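In what follows, a structure is listed as C-alpha cells, so that the remarks can point back to it.
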Amino acid sequence: MGTRHAAGGGATVLAGVGSSVPVHVVTNDDLAARLDTSDEWIRSRTGIVTRHVVAPGVATSDLAVEAGGHALKSAGRENVDVVIVATTTPDRQCPATAPAVAARLGLGHVPAFDVNAVCSGFVYGLATAAGMLGSGLFGSALLIGADTFSTILDHDDRSTAFLFGDGAGAVVLRAGEPDEPGALLALDMGADGDLEDLIIVPDGGARNPDGPADRFAMQGQAVYRQAVARMTETTKVVLEKVGWTPEDVDLFVGHQANQRILDAVAGRLGLPLDRVYSNLDRVGNTAAASIPLALSDAVGEGRLDTGDKVALAAFGGGATWGGAALTWPELRAQ
Ligand code: UT7
C-alpha cells in the first residue's frame with residue numbers, strides 16, 4: 001500500500017481509542033510477600049494498589065495488537081496509512097515492533113516504525129503522527145503506546161519493582177479540521193540528555209553489550225522532582241498555546257507514575273483534583289501505554305464527553321517530556 005494524501009485541513013483528529021492489559025494482576029501484598037516493602041508504604045507513596053503483568057512468553061506486540069485492534073474498531077476503520085508503536089520494551093532489539101504489529105492487524109504493507117521516548121513516548125508519537133498528517137503525507141495513523149516493563153525490571157529491587165505494570169493503549173488519528181471535536185490543538189516537547197542517568201538500563205545496548213547491569217534502574221527522588229516540574233511546565237505551555245485557563249480543562253490526563261506527582265502538578269497548575277484523571281491504583285506506571293490507557297479507561301468510566309477540553313502531560317527517561325491539548329471526539333472505548 002502506498003502513501004495516501006490527506007484530505008483534511010491540516011489538523012490531526014482523534015478518531016478511536018482502545019487498550020489492553022494482561023490478565024494477571026500483582027497486588028502490593030504479593031510484592032510484600034517477597035520484598036522488604038508493604039501495601040501501606042506503596043499505597044501512601046504512590047497510590048498504586050495493583051498492576052497487570054504479562055505471563056512468560058507474552059510480549060509488548062501482543063498487547064499492542066490487542067489495543068490497536070480495539071482502537072481501529074472504535075474508529076470504525078479497517079485500515080490506516082501508517083503505524084507507530086511507542087515503546088521502550090520492544091519484542092526484540094532488532095527489528096522494531098511496529099511492522100509485526102501492523103502485519104498482525106492485517107493492515108497490509110503500510111509504513112510502521114517504533115518511537116522510543118520512554119514514558120513520554122505517546123506524546124512524542126502523537127507529534128510524529130501529527131506532523132505526518134498535517135503535512136498531507138498520510139491521511140490516517142494508528143499510534144500505539146505499549147510497554148512490558150516487567151520484562152526489564154530488577155524484580156529484587158524494592159525501589160523500582162512496585163511502580164510498573166504492563167499494558168498498551170492506542171489511538172487512531174486522521175487528518176481533519178481544527179474545529180472538529182477530537183482535534184489536536186497544541187503540542188509541546190522537550191528533552192534534556194544530561195539527565196540520561198536518571199532512568200536507565202545501563203548495559204545490554206551498544207555502549208556495553210555484554211555488561212551485567214541489564215535491568216531497569218531509576219533515581220527516584222530526582223525523577224520525582226523533574227516529573228513535577230516538567231509536567232507542570234509543558235501543560236502551561238500547551239494551555240497558553242491554545243488559550244485555555246486551567247479552569248477550562250475538563251480532564252487532565254497526566255502520565256500515571258505516582259499519584260503524588262499528579263496531585264503536585266495539579267496543585268501547581270491550579271487544576272481541581274476532580275478533573276485529574278487517575279487509574280494508577282489499578283495499573284501502576286505502564287510507561288508509553290500510560291496516557292492512551294488512561295484515555296481509554298476514562299472513556300469507559302464516562303469521564304469524557306464530546307467536545308471536552310483535554311490536556312495531556314508526560315515525563316520520562318531521556319529525560320524527555322511533552323504535553324498536548326485536544327478536544328474530545330464522539331467515540332467509545334472498545
Ligand atoms: O515513569 C518514569 C517516571 N518515574 C517516576 O515518576 C517515579 C518518580 N519517583 C517516585 O515516584 C518516588 O521517588 C518513589 C515512589 C520511587 C519513591 O518514593 P520516595 O518518597 O521518593 O521514597 P525514597 O526513595 O525517598 O525512600 C524513602 C524511604 C527510604 O528509606 P530511608 O532511607 O528513609 O530509611 C527507602 O529505603 O523508603 C525506603 N523505601 C521503601 N520502603 C518500603 C524505598 N522503597 C521502598 C519500598 N518499600 N518499596
Quiz item: Given V101, V25, V80, which one is free of Cβ contacts under 8 Å to residues at least 60 places away in the same chain and more than 30 Å from G220 (Cβ to Cβ)?
Solution: V101
Quiz prompt | Residue satisfying condition, being touching a Ser or Thr at 6+ places or on another chain (Cβ under 8 Å), open to solvent by 20 Å² or more (accessible area, probe 1.4 Å) and within 22 Å of A294 (Cβ to Cβ), within set V85, V49 | solution = V49
Exercise. Inspect all residues belonging to segment 144-151 and state whether any of them is modelled with pLDDT of 95 or more, within 16 Å of the ligand (Cβ to nearest atom), touching a helix residue (DSSP H, G or I) at 6+ places or on another chain (Cβ under 6 Å) and over 21 Å from L280 (Cα atoms).
Key: no
Self-check item: Flag if F138 is over 21 Å from the mean Cα position of the chain (by Cα) and crowded, with 16+ Cβ neighbours inside 10 Å
Solution: yes
Self-check item: Filtered residue count, segment 11-29, keeping only those that are farther than 22 Å from D62 by Cβ, outside any strand (DSSP E or B) and open to solvent by 10 Å² or more (accessible area, probe 1.4 Å)
Solution: 1
Exercise. Could you look through segment 190-226, keep only residues that are away from the ligand (no atom under 16 Å from the Cβ) and open to solvent by 70 Å² or more (accessible area, probe 1.4 Å), and pick out the one that is nearest to A112 (Cα to Cα)?
Key: A206
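Hey, any hits in segment 159-166 for a residue that's more than 27 Å from V310 (Cα to Cα), within 21 Å of the chain's Cα centre (by Cα) and among the polar types (S, T, N, Q)?
Yes, segment 159-166 has at least one match.
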Practice problem: Could you grab me the full set of residues in segment 321-334 that are open to solvent by 10 Å² or more (accessible area, probe 1.4 Å) and within 15 Å of the ligand (Cβ to nearest atom)? | Solution: W321
Quiz item: So how many residues does segment 104-122 have that are open to solvent by 40 Å² or more (accessible area, probe 1.4 Å) and among the polar types (S, T, N, Q)?
Solution: 1
Quiz item: Inside segment 262-318, can you point out the residues that are charged (D, E, K, R), under 26 Å from T60 (Cβ atoms) and either open to solvent by less than 20 Å² (accessible area, probe 1.4 Å) or without any contact (Cβ under 8 Å) to a residue 60 or more places away in the chain (or both)?
Solution: E301
Practice problem: Find the strands (runs of 3 or more DSSP E) located wholly in segment 75-164 whose residues include 1 or more that are in contact with a Pro (Cβ under 7 Å, 6 or more places away or on another chain), and list them. | Solution: 112-115, 140-147
Practice problem: Looking only at segment 262-272, decide whether some residue is assigned to a loop (DSSP other than H, G, I, E, B) and either within 16 Å of the ligand (Cβ to nearest atom) or modelled with pLDDT of 95 or more (or both). | Solution: yes
Quiz item: Do we find that R230 is open to solvent by 50 Å² or more (accessible area, probe 1.4 Å) and within 22 Å of A146 (Cα to Cα) in this structure?
Solution: no
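Per-residue answers, yes or no, for (1) over 19 Å from the mean Cα position of the chain (by Cα); (2) within 25 Å of V242 (Cα to Cα); (3) of a type in the set (D, E, K, R):
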{"site": "P272", "(1), (2), (3)": "yes, yes, no"}
{"site": "S278", "(1), (2), (3)": "no, yes, no"}
{"site": "G284", "(1), (2), (3)": "no, no, no"}
{"site": "A288", "(1), (2), (3)": "no, yes, no"}
{"site": "G300", "(1), (2), (3)": "no, no, no"}
{"site": "D305", "(1), (2), (3)": "yes, yes, yes"}
{"site": "G317", "(1), (2), (3)": "no, no, no"}
Quiz prompt | Pick from segment 44-61, criterion in contact (Cβ under 8 Å) with a residue 60 or more places away in the chain and within 12 Å of the ligand (Cβ to nearest atom), ranking: nearest to A168 (Cα to Cα) | solution = I48
Quiz item: Exactly one of (1) under 19 Å from A288 (Cα atoms); (2) touching a strand residue (DSSP E or B) at 6+ places or on another chain (Cβ under 7 Å) is unmet by Q93. Its number?
Solution: (2)
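The values are calculated or read from the model by the stated rules, or taken from the named source; none is laboratory data. Here the structure is a predicted model, which means the values were calculated and not measured. Cβ: placed from backbone, ideal geometry, glycine included. Neighbour counts: every protein chain shown. The protein model used for the area step is the full one, side chains on, heavy atoms only, and it has no ligands, DNA or RNA in it. Shrake-Rupley method; radii C 1.70, N 1.55, O 1.52, S 1.80 Å.
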